[in-house]
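The values are calculated or read from the model by the stated rules, or taken from the named source; none is laboratory data. Just so it is clear, the structure is predicted and the values come from calculations on it, not from any experiment. We place every Cβ from the backbone using ideal geometry, glycine too, and count neighbours over all the protein chains shown.
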């Protein structure tokens with residue numbers, strides 16, 4: 001087979017051979033002669049240069065996998081070389097999708113076969129149910145491949161810890177899919193406005209929610225039913241559990257993990273601290289046939305660098321009231337943000353706060369005239385502090401890409417140029433500790449404390 | 001002065017009488033019009049549409065698009081069609097500009113199954129694509145209901161719905177809906193609004209147009225470049 005990458009009589013593979021002596025150095029330092037350098041050894045054996053096309057495999061080609069595929073197609077120089085999924089429907093869907101863009105991936109049912117057969121990969125994306133993340137990510141890392149793995153790392157902290165350990169031992173990149181960590185809107189809001197400029201002052205309160213309307217269990221056309229022997233081979237009890245794995249304890253962590261982990265992760269980012277305690281309430285109150293809590297309310301306590309703080313989070317699956325957003329409240333103002341800007345993309349200033357006009361001139365926020373409101377008082381005394389609500393100050397950053405794309409771009413830039421990952425395994429593990437503890441608090445009706453060492457893998 | 005005052009009074013009286021006559025005739029005409037409209041409505045019945053389960057899954061998308069119709073959150077009101085109107089598209093053959101769909105089959109458009117989940121929709125390739133339903137004989141089309149993809153809030157671009165008795169859509173083409181406001185498809189700029197997909201589907205007035213073929217265009221959506229169809233229902237009256 002001709003090496004299509006061969007230019008000027010010198011291919012990537014040639015380069016690898018000539019730089020074999022640098023392997024040890026690169027594995028140790030991640031850099032070669034001061035330049036970003038990555039080795040995908042242990043059977044993969046490729047050196048990736050910044051301008052190289054990356055050959056990527058996808059494990060798990062369901063709903064979320066296809067979202068990530070679509071993002072990859074928008075990123076220059078990414079080729080999906082192979083994919084694996086145990087459901088024929090998902091395999092056909094994803095490969096058909098890629099075919100439309102001129103990509104012809106090799107298709108596998110079993111990811112193990114993919115890893116054994118594909119010898120020229122640069123990275124793997126994992127978008128399977130949580131309970132197999134650790135097994136699959138560890139296998140890929142042990143094959144010398146950098147991994148982008150969807151959150152939650154795992155529904156088991158023990159399993160999540162093995163992922164951190166494997167990434168550390170192999171020296172391979174492991175990015176976890178908390179995609180807000182790479183979203184320029186969130187980076188601006190938290191790093192720039194909350195941390196660097198402290199525009200809302202001392203942040204003492206966080207609030208976030210993700211409320212969804214009542215929904216039936218997912219079904220499937222009978223002709224696409226996976227034969228039971230295949231389901232059992234991969235550890236699934238039934239097609240219904242396979243399709244609705246998020247609701248079953250064996251495979252996932254329930255709504256607090258699926259939805260909450262994105263937002264609870266932000267609390268730690270904004271507070272610059274992991275929680276010191278958690279108390280929660282929830283239950284299987286609406287969907288008796290499901291194993292995970294269909295509603296949860298949580299309160300975390302934090303010791304932040306500026307003092308005590310608390311955060312309240314709720315996830316509801318029987319009402320869409322209020323949708324999903326995150327709010328941070330400080331003594332000089334508040335900031336509301338959501339992955340969908342229409343639901344949150346602005347700051348509020350307290351009347352006593354320093355003037356924000358200079359921030360507008362710097363382009364850090366935008367100004368919006370306060371809404372004119374008429375209040376019908378009927379001669380009842382109304383406190384001006386109630387009626388004179390501050391105007392909104394919209395944030396200036398717009399993300400003109402799908403929400404997951406910047407996080408994938410960060411992953412690929414880490415491979416090509418050695419930029420830091422925005423959500424490496426160690427950081428995501430800390431988030432998993434905070435989130436998975438909620439289910440324990442609900443189960444035991446308990447006020448649970450965290451120790452600092454709990455967050456270390 | 002007195003005479004003058006009387007003249008003014010007389011003129012006022014005449015003006016009042018004239019206004020009264022005009023108002024009277026106007027009222028009569030309005031009543032007659034209402035009566036006519038009511039008698040027309042008496043011949044119509046509410047179109048009963050079987051709706052699928054509402055469902056939204058996955059991470060909601062940031063929908064930013066021009067020309068989007070306001071979101072009211074209210075259910076669609078009743079739509080009236082002539083008595084005898086029936087579903088005429090069930091199990092009728094479907095063709096498409098994309099002969100190799102990404103997933104699913106073209107027959108899904110008319111199979112009566114409207115679930116929004118995986119396995120129930122056909123996905124056509126990126127860019128402008130059309131599907132065409134052959135009703136096998138001409139009908140007086142009263143309504144067309146389209147479910148592109150309702151498990152996620154999204155907007156399909158450049159939705160154009162045309163009907164014709166010519167299978168090649170060269171002659172006698174009637175455009176019933178067109179929200180291609182900048183004429184991307186080259187079928188002419190449309191004035192209809194873009195809309196967010198829901199389980200209710202999009203109902204388009206067929207205006208009693210006589211046609212055998214229904215062709216529907218789209219050009220990707222706000223989540224990806226692809227074109228989807230869960231179901232299309234065509235309601236019509238037989239041509240006598």
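Residue A:91 fulfils the conditions (1) surrounded by fewer than 23 Cβ atoms within 10 Å (Cβ to Cβ); (2) touching a helix residue (DSSP H, G or I) at 6+ places or on another chain (Cβ under 8 Å); (3) within 14 Å of chain B (Cβ to nearest Cβ) except for a single criterion, (2). Scanning the stretch A:311-341 for residues that are buried (at least 18 other Cβ atoms within 10 Å of the Cβ) and closer than 25 Å to residue A:288 by Cβ yields a count of 5.
When residue B:180 is tested against (1) surrounded by fewer than 22 Cβ atoms within 10 Å (Cβ to Cβ); (2) assigned to a loop (DSSP other than H, G, I, E, B), only condition (1) is not met. Evaluation of residue B:209 against the conditions (1) on the phi < 0 side of the Ramachandran plot; (2) in contact (Cβ under 8 Å) with a residue 40 or more places away in the chain; (3) surrounded by fewer than 16 Cβ atoms within 10 Å (Cβ to Cβ); (4) under 15 Å from the mean Cα position of the chain (by Cα) shows that the sole unmet condition is (3). Considered as a group, the residues in the stretch A:397-426 that are more than 14 Å from chain B (Cβ to nearest Cβ), in a loop (DSSP other than H, G, I, E, B) and surrounded by fewer than 20 Cβ atoms within 10 Å (Cβ to Cβ) include one that is farthest from the chain's Cα centre (by Cα), and that residue is A:418.
Those strands (runs of 3 or more DSSP E) of the stretch B:56-168 in which 2 or more residues are over 19 Å from the mean Cα position of the chain (by Cα) occupy B:94-96, B:122-124, B:129-147. Identify all residues within the stretch B:73-98 that are within 14 Å of another protein chain (Cβ to nearest Cβ) and crowded, with 17+ Cβ neighbours inside 10 Å; write none if there are none. Listed by number, the residues that qualify are B:96, B:98. Here the condition is being assigned to a strand (DSSP E or B) and not assigned by TED's automatic domain parsing to the domain that holds residue A:264; of A:83, A:73, it holds for A:83 alone. Candidates in the stretch A:184-211 are the residues that are within 13 Å of chain B (Cβ to nearest Cβ) and crowded, with 20+ Cβ neighbours inside 10 Å; of these, the one that is farthest from residue A:341 (Cα to Cα) is A:210. Taking (1) surrounded by 22 or more Cβ atoms within 10 Å (Cβ to Cβ); (2) farther than 23 Å from residue A:403 by Cβ; (3) touching a strand residue (DSSP E or B) at 6+ places or on another chain (Cβ under 7 Å) in turn, residue A:86 satisfies each apart from (3).
Looking only at residues in the stretch A:135-166 that are in contact with a strand residue (DSSP E or B) (Cβ under 7 Å, 6 or more places away or on another chain) and part of a helix (DSSP H, G or I), which one is surrounded by the most Cβ atoms within 10 Å (Cβ to Cβ)? For the stretch A:135-166, the residue satisfying everything is A:137. Sort through A:105, A:76 and tell me the only one that's at negative phi, at pLDDT 95 or above and away from every other protein chain (no Cβ under 14 Å). The match here is A:76. Condition check for residue A:223 on (1) in contact with a strand residue (DSSP E or B) (Cβ under 9 Å, 6 or more places away or on another chain); (2) over 23 Å from residue A:429 (Cα atoms): one failure, at (1). Considering only residues in the stretch A:54-70 that are part of a helix (DSSP H, G or I) and closer than 20 Å to residue A:145 by Cα, the one that is nearest to the other protein chains (Cβ to nearest Cβ) turns out to be A:69. Scanning the stretch A:342-366 for residues that are away from every other protein chain (no Cβ under 14 Å) and out of contact with any strand residue (DSSP E or B) (no Cβ under 6 Å at 6 or more places or on another chain) gives A:351, A:352, A:354, A:355, A:357, A:358, A:359, A:360, A:361, A:362, A:363, A:364. Please go through the stretch A:301-346 and pick out each residue that is free of Cβ contacts under 8 Å to residues at least 40 places away in the same chain, in a strand (DSSP E or B) and closer than 30 Å to residue A:451 by Cβ. Once the filter is applied, which keeps residues that are free of Cβ contacts under 8 Å to residues at least 40 places away in the same chain, in a strand (DSSP E or B) and closer than 30 Å to residue A:451 by Cβ, the stretch A:301-346 yields A:301, A:302, A:303.
Every residue, every condition in (1) without any contact (Cβ under 8 Å) to a residue 60 or more places away in the chain; (2) assigned by TED's automatic domain parsing to the domain that holds residue A:252; (3) more than 22 Å from residue A:70 (Cβ to Cβ), yes or no:
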{"site": "A:104", "(1), (2), (3)": "yes, no, no"}
{"site": "A:112", "(1), (2), (3)": "yes, no, yes"}
{"site": "A:130", "(1), (2), (3)": "no, no, no"}
{"site": "A:139", "(1), (2), (3)": "yes, no, yes"}
{"site": "A:144", "(1), (2), (3)": "no, no, yes"}
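Residue-by-condition table, conditions (1) in contact (Cβ under 8 Å) with a residue 40 or more places away in the chain; (2) away from chain A (no Cβ under 14 Å):
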site	(1), (2)
B:100	no, no
B:110	yes, yes
B:115	yes, no
B:122	yes, no
B:128	yes, no
B:140	yes, yes
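Residue selection: residue B:70 fails the criterion of being under 28 Å from residue B:207 (Cβ atoms), more than 11 Å from chain A (Cβ to nearest Cβ) and touching a residue at least 24 places away in the same chain (Cβ under 8 Å).
Scoring residue A:233 on the criteria (1) within 14 Å of another protein chain (Cβ to nearest Cβ); (2) more than 30 Å from residue A:456 (Cβ to Cβ) leaves a single failure, condition (1). Out of A:275, A:305, A:288, one residue alone is more than 20 Å from residue A:134 (Cβ to Cβ) and buried (at least 21 other Cβ atoms within 10 Å of the Cβ). It is A:275.
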